[in-house]
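The values are calculated or read from the model by the stated rules, or taken from the named source; none is laboratory data. The model shown is predicted, which means the values in this text are computed figures rather than measured ones. No Cβ is skipped: glycine too gets one built from the backbone with ideal geometry, and neighbour counts run over all protein chains shown. The area values use the complete protein model at the heavy-atom level, side chains included, leaving out ligands, DNA and RNA. Shrake-Rupley method; radii C 1.70, N 1.55, O 1.52, S 1.80 Å.
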Amino acid sequence: MKKLVVCKFGGTSMADSKTVAQCASIIKSDEARKFIVVSAPGKSIFEPMKVTDALIACYKEAKETGSCANAFHHVRERFERMVQELGVDLDIKSELDAVEKGINEHTETLDYAASRGEFLSAKLFAKVVGLPFVDASEFVFFDKHGNFDAEYTNDKCREVLGKYDGAVIPGFYGVKRNGEITTFSRGGSDISGSIVARGVSADLYENWTDVNGFLVADPRIVDNPQKIEELSYKELRELSYMGASVLHADAIFPVKKAGIPINIRNTFEPENPGTLIVPNSEYHNGKVVTGIAGKKNFSVILIAKSMMNTQLGFARRILSVLEYHEMPYEHMPSGIDTLSVILDTTGRSSEELEAIVREISSAVQPDSISVIDKISLVATVGHGMFKKVGTAARLFTALARNNVNIRMIDQGSSELNIIIGVANDDYETCIRAIYEEFFL
Ligand code: ADP
Ligand code: ASP
Ligand code: MG
């Protein structure tokens, strides 16, 4: 049987006419590349702004003044230039007029406006590569609360794309059952690519971006980090959830259902084989650690109470308070008499956190309760770590040597990661110290 590959091109790959032409040549160089998912044009050396951000500005302007004419100028100009430079036969003016009108009319939520970069990008790329445009609104579905409906989507995706030999599809959005456009969170085109890969039963999901693959650490923090040749779905999930933003943390789920490998590739260095992400990986190239990732700005609630381990329902009462506030928790390491709850408080007010602390206090009557803010979490991930005696010791010694004070330690039950909490100010030093210890 012939091989079938789904390609997703990210924002930097779709940024301008040069990069779009490069993507087209990648498609043409392998006939297995039939279904293509595209992002909105992102940043490039010539373009300081992502189209999605420009569209968010359009939404705000339309909501405040009734018309997005000012902010839409940037979007219009960018697409008109690309169409002209690429010489494609597309009535971009009509498309842009319809989008501008649509943004002025859809001011109840941000999603319609935010999604239009992908919509226009796919219209354009479909013409460039001579494949049909198929709208994601035909098969990517969300429920009425805006949660992704994976199984209905997969059935619909099979049905709709089954009629085509190949297509270009906009990433990042779908619809609720009532037809209302709904987006994933930022970076969500990675999920769309994964949905299409599962839907057409692809042999491979190629995710084309602007780096040579999944790197051991964030290249914006570590200079020229090594590339990971191969990693497992589980390692990927840990690393992307913990901040390795090269792939959206939820992109793993659709392909995981079908066991399809993901290949992270560099649009600007297509001969590089990139990183292969497979269901199970024994490949560690002699390395103990596979990768390092992290995120800033967590809050930790420290709760102490003697003999808490003997009190039935202690943790449940704490979790009920969080549930009431619709506040998910990230980690909850505990000792005999202490328990810490680590929360991502981005976008939450300090009043809300204070209310949570008050309510936990009255629910469990602790001996003491306090909050530490501005904590970063750093995950050191790898299947290889736990076969190797002394890994944790090496990690902690490296941090001590670099004067990084560890505020929290959590070793996931998966035996796949060690997560530590450090002050935001120590975040970069911490990642560099771990990288140096295990990779240099
Ligand atoms: P795209 O627009 O193609 O989706 P993104 O900007 O979303 O690209 O993701 C690629 C970027 O992710 C890289 O340019 C890099 O700065 C960043 N990044 C963060 N952590 C990592 C990592 N561990 N490996 C590779 N890239 C990473
Ligand atoms: N264009 C969207 C964003 O900027 C989605 C994506 O690129 O994946 O977040
Ligand atoms: Mg991305």
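Projecting the Cα atoms of Gly102, Val37, Gly66 onto the dipole axis of segment 17-113, where Lys and Arg carry +1 and Asp and Glu carry -1 at the beta carbon, places Val37 farthest toward the positive end.
State the Cα centre-to-centre distance between segment 303-366 and segment 8-49 in whole Å. Answer, in whole Å: 46. Only Lys, Arg, Asp and Glu carry charge here, each on its Cβ (+1 for the first two, -1 for the last two); on that basis segment 40-179 has a dipole of about 120 debye about its Cα centre.
The longest stretch of the chain left intact once loop-based chymotrypsin sites (Phe, Trp or Tyr not before Pro) with at most 15 other Cβ atoms within 10 Å are removed from consideration, loops following DSSP, is 269-440. Across segment 283-401, the volume of the C-alpha convex hull divided among the residues equals 151 Å³ per residue. Over all other residues within a Cβ to Cβ distance under 9 Å of Gly291, the charged ones net out to -2, with Lys and Arg as +1 and Asp and Glu as -1. Split the accessible area of segment 258-359 by element, probe 1.4 Å, and carbon with sulfur accounts for 52%. So, R0 is 45 Å and r is the distance between the beta-carbons of Ala315 and Lys257; what FRET efficiency does that work out to, to 0.05? The calculated FRET efficiency here is 0.90.
With Cα atoms as the point set, the radius of gyration and Dmax of segment 59-120 evaluate to 11.9, 36 Å. Using a Cα-Cα cut-off of under 16 Å, which lysines could be cross-linked to Lys374, ignoring same-chain neighbours fewer than 8 residues away? Partners found: Lys295, Lys296. For the chain, relative contact order (Cα pairs under 8 Å, six or more residues apart, normalised by length) works out to 13 percent.
The Stokes-Einstein estimate for segment 401-440, based on a Kirkwood radius over Cα pairs and taken at 10 °C with 1.306 mPa s viscosity, is a diffusion coefficient of 145 µm²/s.
Assuming charge only on the beta carbon of Lys and Arg (+1) and of Asp and Glu (-1), the dipole of the chain about its Cα centre is about 720 debye to the nearest 20. Projecting the Cα positions of Ile260, Met49, Gly10 onto the charge dipole of the chain (unit charges on Cβ atoms of Lys, Arg, Asp and Glu, taken about the Cα centre) puts Ile260 furthest along the positive direction. Listed peptides 38-45, 103-110, 330-337 appear in the order 38-45, 103-110, 330-337 once ranked by packing, highest mean of other Cβ atoms within 10 Å at the front.
Rg of the Cα atoms in segment 63-209, relative to 2.2 N^0.38 Å, amounts to 1.07. Among the listed pairs Lys2/Lys28; Lys43/Lys176; Lys28/Lys127, which have their C-alpha atoms separated by more than 18 angstrom in this model? The pairs that break the limit, which is 18 Å between Cα atoms, are Lys43/Lys176. Take every pair of alpha-carbon atoms less than 8 Å apart whose residues are at least six positions apart; their mean separation over the length of segment 255-306 yields a relative contact order of 25 percent. Placing a pseudo-label 7 Å from each Cα along the Cα-to-Cβ vector at Ala355 and Asp165 gives an inter-label distance of 5.9 nm. Straight-distance candidates among the aspartates and glutamates for linking to Lys60, with alpha-carbon spacing under 16 Å and chain neighbours fewer than 8 residues away dropped: Glu100, Glu105, Glu108, Asp111.
Remark: relative contact order (segment 82-188) = 27 percent; criterion is Cα-Cα distance under 8 angstrom and separation of 6 or more residues. When +1 charges are put on Lys and Arg Cβ atoms and -1 charges on Asp and Glu Cβ atoms, the dipole computed for segment 109-244 relative to its Cα centre reaches about 420 debye.
Taking the three principal axes of the alpha carbon atoms in the chain, the coordinate ranges are 72, 53, 40 Å, sorted in descending order. The local environment of Ala244, defined by Cβ-Cβ distances under 13 Å, has a net charge of 0 under the rule Lys, Arg +1 and Asp, Glu -1. The residues of the chain present an accessible area of 45 Å² per residue when probed at 1.4 Å with all protein chains retained.
Normalised Debye scattering of segment 361-440 at q = 0.15, 0.20 Å⁻¹ gives log10 I(q)/I(0) of -0.58, -0.89, counting only Cα atoms as equal scatterers and leaving out solvent. So, with a 1.4 angstrom probe, what is the percent of accessible area on segment 28-158 that is carbon and sulfur? The value for segment 28-158 is 49 percent carbon and sulfur by accessible area.
Neighbours of Ile369, meaning other residues whose beta-carbon lies under 15 angstrom from its beta-carbon, give a summed charge of -2 when Lys and Arg score +1 and Asp and Glu score -1.
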